[in-house]
Protein chains: 4
Amino acid sequence: MITTPALAPPWSTTEWLNTPEPLTLERLRGRVVLLHAFQMLCPGCVSRGIPQAQRVAELFADAPLTVVGLHTVFEHHAAMRVESLRAFLHEYRVRFPVGVDAPDPGGEDIPQTMRAYGMRGTPTTVLIDARGRLRRQVFGAHDDLLLGRELQTLLLEATSNQEERSTAAPPGVGCDDAGCALPGTGG
Amino acid sequence: MITTPALAPPWSTTEWLNTPEPLTLERLRGRVVLLHAFQMLCPGCVSRGIPQAQRVAELFADAPLTVVGLHTVFEHHAAMRVESLRAFLHEYRVRFPVGVDAPDPGGEDIPQTMRAYGMRGTPTTVLIDARGRLRRQVFGAHDDLLLGRELQTLLLEATSNQEERSTAAPPGVGCDDAGCALPGTGG
Amino acid sequence: MITTPALAPPWSTTEWLNTPEPLTLERLRGRVVLLHAFQMLCPGCVSRGIPQAQRVAELFADAPLTVVGLHTVFEHHAAMRVESLRAFLHEYRVRFPVGVDAPDPGGEDIPQTMRAYGMRGTPTTVLIDARGRLRRQVFGAHDDLLLGRELQTLLLEATSNQEERSTAAPPGVGCDDAGCALPGTGG
Amino acid sequence: MITTPALAPPWSTTEWLNTPEPLTLERLRGRVVLLHAFQMLCPGCVSRGIPQAQRVAELFADAPLTVVGLHTVFEHHAAMRVESLRAFLHEYRVRFPVGVDAPDPGGEDIPQTMRAYGMRGTPTTVLIDARGRLRRQVFGAHDDLLLGRELQTLLLEATSNQEERSTAAPPGVGCDDAGCALPGTGG
């Protein structure tokens, strides 16, 4: 049975860094979103997850894609307060916006957004399409080749949606001395 | 000015390994082709290019994609004869088909296919779409995220072409406990 | 001009983790000491310095060598308090003793031990011989081959000192099916 | 039972590259020797063993140490003839002398020196002291920290031997702004 993908749950946050104002899924509608859930003291996040999210932000800078971090602390809460996170982002040169997941109102360890998405731990990579639908959720290390592939599926859908609404010209395809460019890769 | 991509030049080879019969672009029509041009004594090919091509072959095994190696020797010809190449492929566990680029009939160093594609050295990664057109040619190391993105562009085109000819059903999209699957990623 | 190496300055600390009681250079006399000065939010420490110190602790477990960490916070003080450090050591599985460098009494950023050693930043690797003398201080990444070489110089000196005081038997040297053992390498 | 280390077996070679004349253990007496046995189509040699031997040659350039390669082909003989080896050394920028192990006179696969040392495969790292004695033989990847340690044991022995024969001055030990130097590390 094929199910229609559901809308991604809204984000519950207490604070945002690297952005003048809070981000919401509604405000990002029309763009593909890579949500990277991490903890600043999670070794796999630091060595692999965050660097991957940073490279996506750089390499897809020309595309309608936004990389968003989510600090989903579910252990050692006192060790990872927002002043520590702020220094962490500074030292690791993380430039993308990062929201702080809101603590559980009942005092449980798992914060609200992490629970709403049913995440199993950190790092978790979530892909949300331009219509705000949850399309992919991966716990742990994710292969660059597959991630690049999945992002392009969503980006082409987003472009296709736009074209249906506008008078679409076919995307340019060109060859020069350096090679031949695919649509949407800039080179 | 936007140019229409040209057909990829045919391959001129003297021998094929890892395949019962020679491959040609005509026989691969309908499939996306990643052509990896290398030399067995090229350090950048051994450390990065060939491993990347191997991972593409594994990770895209479910897709209409064929990875093809091309041994484009343009220096140290005596050092890289076919018996050395055969041992190399065995030791490095390269399983995809590899053609041996045909030497220049005039005795020049650069072999025929390498010249026809205007390659600047090894490794070179060439992407050819399902209609046999040359769409991308990259000399040197190529980023996994970008390669995954570019391959998916061509794979979705290939699928779209097929659907136009058949009675196309929308691709299945599903979520389960492990996450939510994008079309064509099997995961 | 050749100078006699001076005694390493004493350590000024406010707290110790991973050890039931504080460590001092006096108590470590007779053992070679690798002092690894780091900050928990220093990327070079996390990716290279601390893993190297951990490998030294494991690979030289049979030798009269003690690996000691020193948390020398000189920026983002509020972000790296001891409760954050404790969680960091837990998550990164750092088992060796770690002292917290005492803050400057005058309120300057650089803590006391860091200043006493004239360290230029983190990570800094300090080698102290069995007589408590400062023998090597390296700022930044340090090559494993050179570090192994330097440690063995100090270890052989330490052994030689002991032998002079005892009735020294020559260290055993043996070959077996697995190979031939150097003194002090256990294999 | 502690055994006295035996003299390293002499090398049987058919050819030498990167050196104007053949090397022998007799001619290297007085120097520590790191013998790196490899095959040019052995992935572990190419990715780890040879780079390690190259770094030893560079980092210990000031020490009485010679790094020697030995091409011990025991499979795919036709694929790794000397013209291929020569191109390999050129492409991988191997500068240290490399001998070609002499084939078995009875036609067996394992060449003579490899058999004399009882090597179990490639890469194999052999350490020979300044008196020509076999002190360490490791099959497979060897840790840099341990290798640096073992080399220094043999280098200090070699220096100590020389000092016994001369009027030995104690090795210089010095501190400057950059740090404090151990004997024999130049740094």
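The values are calculated or read from the model by the stated rules, or taken from the named source; none is laboratory data. Worth saying up front: this structure is predicted, and the values here are computed from it rather than measured. Here the Cβ positions follow ideal geometry from the backbone for every residue, glycine too, while neighbour counts run over all protein chains shown. SASA here: full protein model, heavy atoms, side chains in, ligands and nucleic acids out. Shrake-Rupley method; radii C 1.70, N 1.55, O 1.52, S 1.80 Å.
Each residue in the stretch D:1-21 was checked for being open to solvent by less than 50 Å² (accessible area, probe 1.4 Å), within 27 Å of D:Gln162 (Cβ to Cβ) and more than 14 Å from chain C (Cβ to nearest Cβ), and 2 pass. Residues in the stretch C:76-103 that are under 22 Å from the mean Cα position of the chain (by Cα) and more than 22 Å from C:Gln52 (Cα to Cα): C:Arg81, C:Val82, C:Ala102, C:Pro103.
Rundown of residues vs (1) at negative phi; (2) without any contact (Cβ under 8 Å) to a residue 40 or more places away in the chain, yes/no style:
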{"site": "B:Pro22", "(1), (2)": "yes, no"}
{"site": "B:Gly30", "(1), (2)": "no, no"}
{"site": "B:Ala57", "(1), (2)": "yes, yes"}
{"site": "B:Leu70", "(1), (2)": "yes, no"}
{"site": "B:Ala79", "(1), (2)": "yes, yes"}
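Count of the stretch D:63-93 residues, restricted to those that are closer than 27 Å to D:Arg136 by Cβ and within 11 Å of another protein chain (Cβ to nearest Cβ), is 10. For the stretch A:118-133, the tally of residues that are within 11 Å of another protein chain (Cβ to nearest Cβ) and surrounded by fewer than 20 Cβ atoms within 10 Å (Cβ to Cβ) stands at 3. So for the stretch D:141-156 (the condition being closer than 15 Å to D:Pro64 by Cα, open to solvent by 10 Å² or more (accessible area, probe 1.4 Å) and either modelled with pLDDT under 95 or within 9 Å of chain C (Cβ to nearest Cβ) (or both)), does at least one residue qualify? Yes, the stretch D:141-156 contains at least one residue that is closer than 15 Å to D:Pro64 by Cα, open to solvent by 10 Å² or more (accessible area, probe 1.4 Å) and either modelled with pLDDT under 95 or within 9 Å of chain C (Cβ to nearest Cβ) (or both).
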